[in-house]
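These notes concern the structure reproduced below.
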Amino acid sequence: MVCKICFHFSHTRIGSFAFPKLQQSASSGCPYCSLLVRSLDALLHLSEIEKVQISNKRSGEWCLAVNVTLRAGYRPKIGPVFGKMSSGAQEVVQIFAHEGHGKPGDWVTTLYNVPDPCSEASFQFISESLRSCQETHDCSEMSGQLLPRRAVDVGTPSSPIRVVDYSSELGPYVALSHCWGDNKHVRLTSDTTSFFQNIPLEVLPATFSDAIEVTRRLNLNYVWIDSLCIIQDSAEDWEIECARMGDIYQNAELTIAATSSPSSSRSFLRPPEKMKQPRVQVPFWNKDGKEFALQAVRPLSYHFDNVDSTEGYLNKRAWCFQEDMLSKRLVSYQNIDIKWRCSEGHMCQCVGPSVKRSDSATSVRTLRDEPEEESVNTWLQAVNDFSDRDITFVSDRLPALAGIATVFHESFSWTYVAGLWKEWLLHCLCWKSDYRDPILPDRLQPLAPSFSWASSQSSVLYDRAGMYLEPVQVPTKVLAVSSTLKGEKNPFGEVTGGYIEVEGPLIEARLRCSDTSSYHDYFVDCEPLGEWKFCPDTHLARRTVGGVAVAARCSVGKVEKLEDVRVWILCLALNFSDINDYTIDAIALRPLEGNLDHFERIGFLEDGGPQFILDHQWWVDPSQNSAPPGDLDSPRPNNAVQGDEDTSDTSEGYDSQADDNGIQDDSQLSQEDEIISELSEGNSADDDNGDLSEATEDGDVPKKRDHYPPGKPLTIGGRTYHPYKAWKILTSDVEPRRIRIV
């Protein structure tokens, strides 16, 4: 009989349940549940386990995993705490067959013994992976092999290591991606150039000497290391080489990622013992009584659930982001394993070369194959991921992304303006500061124009990156853009200023703060449409401009709770998204002293629209075969049912035209109202695609996709509104204004 708890691991997603149920099944004699309990007991304290979820995922081979929910303050028996110790913390225990000991069934895969990174087997793994890629993949066609301006000639054990200038010569080379750490390692400067003609290996930090050793073992002659190949005390040389950074990593034959090293002083070939992977041997007896030696491991989940793992020091550093994204081939020295990645897939040493999977990062490296509308989402997602990483100097935010920006510009000839693209400016303006952290960071100095995400020191978020948005109405026009570069050598580098000129509807509103906690919950009061959730770009402070109290970015000082201050809303677009919903994109501004046509961006309006729109469903005219051209009809309140309609609104305005008895004259009914009335009575025929269904007996309104025919319009202050009329209040009922955002 098959166990109803584990199903003998025959299902892909087996189930989630309280841990005592698993223990009870094991006690009742199920050998598979018993295996799980013994595995958990070997690595964790059973008394701290609250819930388990069993899965057996197919990814090249089966991977048996137990996702464990633990109590607050848990401590594993073996190995460090990998996650947070809060209540509900998650751990993963995976079970593998032991190399050379056989497998009890197809439900388990073999975990290979991972040799030391400096062993012959590890070098062979890298060498064979490189050779196979060179001979059978298209990765080499993605870029040339133009040597960087400078490179480290690794020499031989009997010949010197030196930094050489190759200018425009061709040849294969390796690039190193690493964390600087304490910044005390040897560096190329204007005064040390002669020293770098003969570098003793022993003076180099461990990460650098390891990179030289790997390069030699691969029979390559050159390695590029930033601190040895860029003159560190020359602003001009740094700017020039920074502009070439994208080409350096794209053209490298291989990038070595010292992922497990927090600084250049720690070896990635000879890591400390404490970094080794925690694993234990667990016996298993099949139904015939044969014993198998299995292994319980924590955690190895990234090999199967998230191949682009963020584990490791390197994957938390902003500068290393483009090095990873642009490298055509990369070998990553992890804490517990070596991973190989090229443009055609991943594989790792511990589960063998047969496990190979696609790579999400290839969207940047193969950008020219994408349509432009998809590529802009690739850019927005890249900014999301990049801004979440740590960077020592916040002024480096744009330079550290310059390599990826160069690839986009070369692919599409877009115009770059302080981290945004002119051709997709309205999309690129829709960023918000990620204020999950309790306190937003202060803006200590102008890093970029306020309209740019680089002006915020916090991580930023493009909420709808990757979502297809079809603009229904775009009331704002982009007239001009400009950015002022700090230097002349890197067109995608640091900026000192800039502006965008736009013409669109600018609406004055009031900012309200609802909370006094460590970060404030802000709302913009868009009377009569209700509140609109507001996300500030930075801390805010009260300023007075032209005798009016306004909300402004705050550089220093105490965080204020703002009440009764003004903001100005610029609506960018009304979109129809791929989840059958409407969203309004809008940013919040404030005028600058001395020129009321010049504005500073202070935040983003969240959640797609004011509360009025969020509380009511939109409806699409069923006679339209595509996204609506703009005339959106009335909302359906949650309590509205068929037969309870009010068609008192007209198509020309939002004032109620009813007579004293509340009855509207039939002659004032527009064609739109007639369609609404006809649909409400259920007399409209289905469209050709059958999108409209018959009304149900209990009075539910028929659906067209996820949109509802109208119910009762909403009346506020004696006026009746449709959602489209709400959009009119925010846009077309407002005289367009030409402004400059700096």
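Every number here is computed from the coordinates shown, using simple stated rules; none is lab data. Not measured: the values here are computed from a predicted model. Positions of Cβ are backbone-derived with ideal geometry, glycine not excepted, and every protein chain shown enters the neighbour counts.
Numbers at a glance
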read-out: Computed lengthening from residue 197 to residue 28, 0.36 nm per intervening residue step minus Cα-Cα distance; value: 53.6 nm
read-out: Spatial separation of Cα centroids for the range 87-141 and the range 246-270, in angstrom; value: 20
read-out: Cβ-based net charge around residue 187, under 10 Å, with every Lys or Arg adding one and every Asp or Glu removing one; value: -1
read-out: Efficiency of FRET from Cβ geometry, residue 21 and residue 234, R₀ 60 Å, rounded to 0.05; value: 0.35
read-out: Potential lengthening between residue 213 and residue 121 on full extension [0.36 nm per residue; Cα-Cα distance subtracted]; value: 31.6 nm
read-out: Inter-site label distance for residue 484 and residue 184 at 7 Å from Cα along Cβ, in nm; value: 4.0
